[in-house]
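First up is the structure itself, then whatever we jot down about it.
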Amino acid sequence: MAEETKSVATRNFSNAIVLLACIGFVVYLCMQYSEKVSSVILSFVGLGVVIFIHELGHFLVARWCGVKVTAFSIGFGKEVCGFYDRHGTRWRLARIPLGGYVKFMDDANGASMPDQQAMSKMTKEERTSSFHNKPVWQRALVVGAGPIANFIFAIIVFALLFAFLGQRTTTARVDEVVDGMPAAEAGFHKGDII
């Protein structure tokens, strides 16, 4: 058991070093090629937030419906870093940040395909927290929660943007006045605001 704990600690330390090296490399790129790289990085950060909100929607509704969640992942591929919460869910950040998934107790993979072998070995108590044994209306709520969470998030973001930044408008300002035209005869001058 001590060997296993030591191996997990070593792997987590290695993953933390890789993550710090990646962050350092990104900072270096930002300093060298600030405008182009920062646009790409901001795109990935924005996509990461949208993915997190989407998966969080699935996760929260699944927990509310009594489904046991075994993994919450942002990204695909090898795990960079992660931890277990008090419910036994593995929260993980993976190397390819172009998606994510919430894995339930009876899933064979991140696409929520049922694991028939695992389902056949479940006790009666375990079946009550199995996604595939829930009523259709609860499964529909869990599946629909991700897109609904994104929709609600978009409403909140736009409401905050309009509340704090306002709406951009173009000022009606006279750019040019041509002699002999109605604007010149009416007394308009260049730079007047209408």
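The values are calculated or read from the model by the stated rules, or taken from the named source; none is laboratory data. No experiment lies behind these values; they were computed from the predicted model shown. Here Cβ is always computed from backbone atoms with ideal geometry, including for glycine, and neighbour counts include all displayed protein chains. We work out accessible area using only protein heavy atoms, side chains counted, and drop any ligands, DNA or RNA first. Shrake-Rupley method; radii C 1.70, N 1.55, O 1.52, S 1.80 Å.
The candidates 43, 130, arranged from most to least accessible area with a 1.4 Å probe in the full protein assembly, appear as 43, 130.
Available extension along the chain between residue 185 and residue 161 is 4.4 nm, counting 0.36 nm per residue and deducting the alpha carbon span. One equal scatterer on each Cα of region 44-194, no solvent, Debye formula: the resulting log10 I(q)/I(0) at q = 0.13, 0.14, 0.22 Å⁻¹ is -0.69, -0.77, -1.34. Each of residue 41 and residue 148 was given a label point 7 Å from its Cα along the Cα-to-Cβ line. The distance between the two points is 3.7 nm.
Annotation note: GluC sites (Glu not before Pro) in region 109-186 located in DSSP loop regions with a Cβ neighbour count of at most 11 within 10 Å are 176.
Within region 57-151, the trypsin sites (Lys or Arg not before Pro) that combine a DSSP coil assignment with at most 12 other C-beta atoms in a 10 angstrom radius are 86, 121.
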